[in-house]
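The values are calculated or read from the model by the stated rules, or taken from the named source; none is laboratory data. Keep in mind it's a predicted model, so treat the numbers as computed, not measured. Cβ: placed from backbone, ideal geometry, glycine included. Neighbour counts: every protein chain shown.
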Amino acid sequence: MKYIVFCVLVALLCISAAALATKAVNRKRSLSRTARALVCILFTSCFLLGAGSGYLAFYYRADPAVQQYLQDSGSVTVQQTINGSLFDGPGKEKAMVFYPGAKVDSAAYAPMLSHLAARGIDVFLVRMPMHLAFLNPDAAAELMAAYDYPQWILAGHSLGGVMAARFAASHPKNVQGLVLLAAYPTQDISPSIKLLSIYGTNDAHMNKSAYAASKAHWPQDARELVLQGGNHAQFGYYGMQKYDGVATLPAPDQQQQTVDAIIESFGSGTSLPHMTLPD
């Protein structure tokens, strides 16, 4: 709702600017060259602001079914943090900070992350400004300063993964693990950081050439998991994503395999039964 209100206000501003510009053009003989240039700049700025605001106002909303995972259930409690939510399970040693994909409602990842917390790795789900991780790439630093965990894992989906990798590359002494979901690093990742990369064969959204080139930045012992039939969007519950391929692997299976791979790579210290993911 707040984005709709904001866009309406911007639209009104643009209409007002257009009216002023039209009036000024009608009297352009009385305006100096400098004044006419300022009117043009004002009109162009308002147009770009309106277009940009309209773009940001539309994002992928989480499926309503995820709301149950934003509440306490079984062995997982959900708490509000300074920049999102904490899925607090039985584990005490490891915590993951998760950056959502671009223009994706962070709640869309709640089922998978709640599932992961139940298996022993607590998860901080970051709520990014305007749903864009590059607007707060250092969000993990705030959490690391506020919570005391022996081991930290950075993770993210798509653009969120790129930003998580950037943070990990810049903080090798603070980060022990990195999980990239349909994402890739743009900087060298320290050999001290364990890297797990996961993507689906039907992912038509991720730049496969850039992904292949990014392997030059991987540590030598990095692990890669390719999910047969998985796509880009099914790491969350927010429907089909533009330019993505059609998955033949059901979303619950894609997320189950993802959680299993994370637990296998980083360990959990618990053998709790798997949680049920929404269909």
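Number of residues in region 183-199 that are without any contact (Cβ under 8 Å) to a residue 60 or more places away in the chain and within 15 Å of ARG223 (Cβ to Cβ): the value is 9.
The test for being more than 17 Å from the chain's Cα centre (by Cα), at pLDDT 95 or above, under 30 Å from SER73 (Cβ atoms) and of a type in the set (Val, Ile, Thr) holds for ILE263.
Restricting attention to region 120-133, the residues that are touching a residue at least 60 places away in the same chain (Cβ under 8 Å) and buried (at least 24 other Cβ atoms within 10 Å of the Cβ) add up to 1. Taking (1) closer than 15 Å to GLY267 by Cα; (2) within 11 Å of the chain's Cα centre (by Cα) in turn, TRP152 satisfies each apart from (2). I'm trying to understand the selection: among the residues of region 75-108, which are more than 9 Å from the chain's Cα centre (by Cα) and part of a helix (DSSP H, G or I)? Across region 75-108, the qualifying residues are ALA107, ALA108.
Test GLN257 against the stated conditions and say whether it is more than 19 Å from the chain's Cα centre (by Cα), not small (Gly, Ala, Ser) and not in a helix (DSSP H, G or I). Against the criterion (more than 19 Å from the chain's Cα centre (by Cα), not small (Gly, Ala, Ser) and not in a helix (DSSP H, G or I)), GLN257 does not qualify. Which of the residues spanning region 102-140 are acidic (Asp, Glu) and over 16 Å from THR81 (Cβ atoms)? Passing the criteria: only ASP105.
Going by what's in this entry, would ALA183 be described as among the small types (Gly, Ala, Ser), surrounded by fewer than 14 Cβ atoms within 10 Å (Cβ to Cβ) and in the same structural domain as GLY161 (by TED's automatic domain parsing)?
No.
Please enumerate the residues belonging to region 76-100 that are surrounded by 18 or more Cβ atoms within 10 Å (Cβ to Cβ) and either more than 23 Å from ARG166 (Cα to Cα) or aliphatic (A, V, I, L, M) (or both). Result: VAL76, VAL78, LEU86, PHE87, ASP88, GLY89, GLY91, ALA95, MET96, VAL97.
What's the total number of residues in region 157-167 that are among the hydrophobic types (A, V, I, L, M, F, W, C) and in contact with a Pro (Cβ under 8 Å, 6 or more places away or on another chain)?
Here is the first cut: in region 157-167, the ones among the hydrophobic types (A, V, I, L, M, F, W, C) are 159, 162-165, 167.
Next, from what is left, pick out any that are in contact with a Pro (Cβ under 8 Å, 6 or more places away or on another chain): 162-163, 165, 167.
Number of matching residues: 4.
LYS173 passes every criterion in (1) over 18 Å from LYS215 (Cβ atoms); (2) buried (at least 16 other Cβ atoms within 10 Å of the Cβ) apart from (2). The set of residues in region 206-231 being assigned to a loop (DSSP other than H, G, I, E, B), surrounded by fewer than 18 Cβ atoms within 10 Å (Cβ to Cβ) and within 21 Å of the chain's Cα centre (by Cα) consists of ASN207 alone. A count restricted to region 72-107 and to residues that are within 24 Å of ALA133 (Cα to Cα) and not β-branched (Val, Ile, Thr) stands at 20. Starting from residues that are part of a loop (DSSP other than H, G, I, E, B) and either out of contact with any Phe, Trp or Tyr (no Cβ under 7 Å at 6 or more places or on another chain) or under 25 Å from PRO185 (Cβ atoms) (or both), keep the ones in region 54-74 and report whichever is modelled with the lowest pLDDT. In this case the residue turns out to be PHE58.
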